[in-house]
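Enquirer: Input: one structure, supplied below.
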Amino acid sequence: MTTRRVLMISYWYPPTPGAGSLRTAGFAENLPEHGWHADVVTASDTDAAIDSASERPDPAPRIVGVRDMASPSRLFRPYAGDSGGSRGRDLLRWTVFPDRFLVWRLRATRIARRLAHDAPCDAIWATFPPASAAIVGESLARWTRRPLVLDLRDPWPGIGGHTAQLKPLRRRHAELERRILRQAAAIITVSDAMRDDLRWRLGIDPAIVHVIPNGWDQRRCGPIKVTPRAAAAHDVPVLAHVGTLTQRNRPDLLLESLRRTRDLHGRLPVRIRFVGNASPQWLGESGLADLIEHTALTSPARAWAETCSADALLLLVGDYVARWGHNAKLFEYLRAGRPILCLETTPDSNDARLLRRLAPDRCVVERLAADRDLFATLTDVASRAARTPRATLSDSPELREFERGALAGRLARVLNALMHG
């Protein structure tokens, strides 16, 4: 089989946490099985090759980190509710065009051109957000005269992409989005809804738009030795939320519901464990110290161990995710084989539909609302946790469709079609 090369541009890459990081790594590490070698230009503390995977594939992708003004991991600040954001950072997000990654963009463009000169590539792949990564990809595609594949993890306008407050900047973002999408030879989205939005909002030819959702990784989500948590101290199951908290998924509504339910019933049938970026001060001020425990932001390997060792798993689904895609952690939750409580703000969310299809026997779906009594729901989840065997990973054919190797195969087919187009 002839091996082709794709040059990938992604601001996020392991060991930086997050869905965008793992999506890019999943493609880069699995593409060689489908005839494509990947070189990846990403962000780092220093200009250097990055050895990120605990279990390196063979052949391994070449990962080159490009210095930014700050470590990418520092962007994952503790979540502290509506008032927890940085005013200065929000001001940059709302007023600087296209984003604050100017220094990284200039350096990444220079280094990517050097890579393309030393090892000529057959295609360019760039993932958005941020817009700077898409701009690097566009520039490189023009410079190399190679086709551009634009990977859209979020819609360009809006809270997942860019939310410029000033009208002139919103207009410039619309122009930039239109220009880059029209140069792209192929566009990848994570959901049908995003694909349809591009068609109706921008008139993009649906023939060049392909849906490749997020998923789970066989290398990172394999069997592990699970030590059950000691329940003697609290004598109730642990319901774990593993992953980054964001306001778009409304954790504030969860805390309000928990407070009301505790006031009505006293002792609750579960404890809540936040694994990720929950601010200790925010949790301390919630008045739920007797009910909630937490960890700091952790590595993907540690997060996977927490996922498997939880008695049950908690998924928060805000309106944004309900409309545009899936929580990336959903696929790892399904893989872990634990019971899942899905609390949604919008009925019949994308996540809820997928859970009902792939794991109807171990998922509970309810509305996330401040005035809803959660006691019966939490009791149901606790009962399911007691009945569900531990360390039984899900490996169903339906879930296998979302494994990163299979998803990389779908990307390879898009790239192959460009070579023969």
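Enquirer: Taking the criterion of being under 22 Å from the mean Cα position of the chain (by Cα) and touching a residue at least 60 places away in the same chain (Cβ under 8 Å), would at least one residue in the range 373-389 satisfy it?
Expert: Step one: of the range 373-389, the residues under 22 Å from the mean Cα position of the chain (by Cα) are none.
For the range 373-389, residues under 22 Å from the mean Cα position of the chain (by Cα) and touching a residue at least 60 places away in the same chain (Cβ under 8 Å): absent.
Let's see how each residue does on (1) part of a loop (DSSP other than H, G, I, E, B); (2) farther than 21 Å from Thr42 by Cα; (3) among the aliphatic types (A, V, I, L, M):
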{"position": "Arg114", "(1), (2), (3)": "no, no, no"}
{"position": "Pro120", "(1), (2), (3)": "yes, no, no"}
{"position": "Thr127", "(1), (2), (3)": "no, no, no"}
{"position": "Arg142", "(1), (2), (3)": "no, no, no"}
{"position": "Arg146", "(1), (2), (3)": "yes, no, no"}
{"position": "Gly160", "(1), (2), (3)": "yes, no, no"}
{"position": "Arg178", "(1), (2), (3)": "no, yes, no"}
{"position": "Arg182", "(1), (2), (3)": "no, yes, no"}
{"position": "Ile188", "(1), (2), (3)": "no, no, yes"}
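Enquirer: Given the range 328-406, what helices (runs of 4 or more DSSP H) lie entirely inside it while holding 2 or more residues that are crowded, with 22+ Cβ neighbours inside 10 Å and not assigned by TED's automatic domain parsing to the domain that holds Val211?
Expert: Numbers: elements: 329-336, 350-358, 375-387, 397-400.
The helices (runs of 4 or more DSSP H) meeting that bar are 329-336, 350-358, 375-387.
Enquirer: Which residue pairs have Cβ atoms closer than 9 Å, lie 6 or more positions apart in sequence or on different chains, and pair a first residue in the range 408-421 that is aliphatic (A, V, I, L, M) with a second residue that is surrounded by fewer than 16 Cβ atoms within 10 Å (Cβ to Cβ)?
Expert: From the range 408-421, the pairs are Ala408/Glu33; Ala412/Glu33; Ala412/Gly35; Leu415/Gly35.
Enquirer: Just to be sure before I move on: is Arg271 basic (Lys, Arg), surrounded by 15 or more Cβ atoms within 10 Å (Cβ to Cβ), modelled with pLDDT of 90 or more and within 27 Å of Leu334 (Cα to Cα) in the structure I sent? Full working, then the answer.
Expert: Values: basic (Lys, Arg): yes; surrounded by 15 or more Cβ atoms within 10 Å (Cβ to Cβ): yes; modelled with pLDDT of 90 or more: yes; within 27 Å of Leu334 (Cα to Cα): yes.
Here the answer is yes, as Arg271 does meet what is asked.
Enquirer: How many residues are over 18 Å from the mean Cα position of the chain (by Cα), farther than 30 Å from Gly158 by Cα and outside any strand (DSSP E or B) if we restrict to the range 286-304?
Expert: Qualifying residue count for the region: 5.
Enquirer: Right, another one. Kindly indicate whether any position in the range 87-95 is more than 16 Å from Arg5 (Cα to Cα), surrounded by 15 or more Cβ atoms within 10 Å (Cβ to Cβ) and either in contact (Cβ under 8 Å) with a residue 60 or more places away in the chain or among the aliphatic types (A, V, I, L, M) (or both). Steps first, please.
Expert: Kept after step one, since they are more than 16 Å from Arg5 (Cα to Cα), are these residues of the range 87-95: 87-95.
Now drop any that are not surrounded by 15 or more Cβ atoms within 10 Å (Cβ to Cβ), which leaves 93.
Next, only the ones that are either in contact (Cβ under 8 Å) with a residue 60 or more places away in the chain or among the aliphatic types (A, V, I, L, M) (or both) stay: 93.
Within the range 87-95, one or more residues are more than 16 Å from Arg5 (Cα to Cα), surrounded by 15 or more Cβ atoms within 10 Å (Cβ to Cβ) and either in contact (Cβ under 8 Å) with a residue 60 or more places away in the chain or among the aliphatic types (A, V, I, L, M) (or both).
Enquirer: So, one more: I need the full set of residues from the range 157-180 which are out of contact with any Leu (no Cβ under 8 Å at 6 or more places or on another chain) and free of Cβ contacts under 8 Å to residues at least 60 places away in the same chain, in order please. I'd like the intermediate steps shown before the answer.
Expert: Here is the first cut: in the range 157-180, the ones out of contact with any Leu (no Cβ under 8 Å at 6 or more places or on another chain) are 157-176, 179.
Of everything in the range 157-180, those that are out of contact with any Leu (no Cβ under 8 Å at 6 or more places or on another chain) and free of Cβ contacts under 8 Å to residues at least 60 places away in the same chain turn out to be Pro157, Gly161, Lys167, Pro168, Arg170, Arg171, Ala174, Glu175, Arg179.
The values are calculated or read from the model by the stated rules, or taken from the named source; none is laboratory data. Quick caveat: nothing in here was measured; it's all calculated off a predicted structure. Note that we place each Cβ from the backbone using ideal geometry, even for glycine, and neighbour counts take in every protein chain shown.
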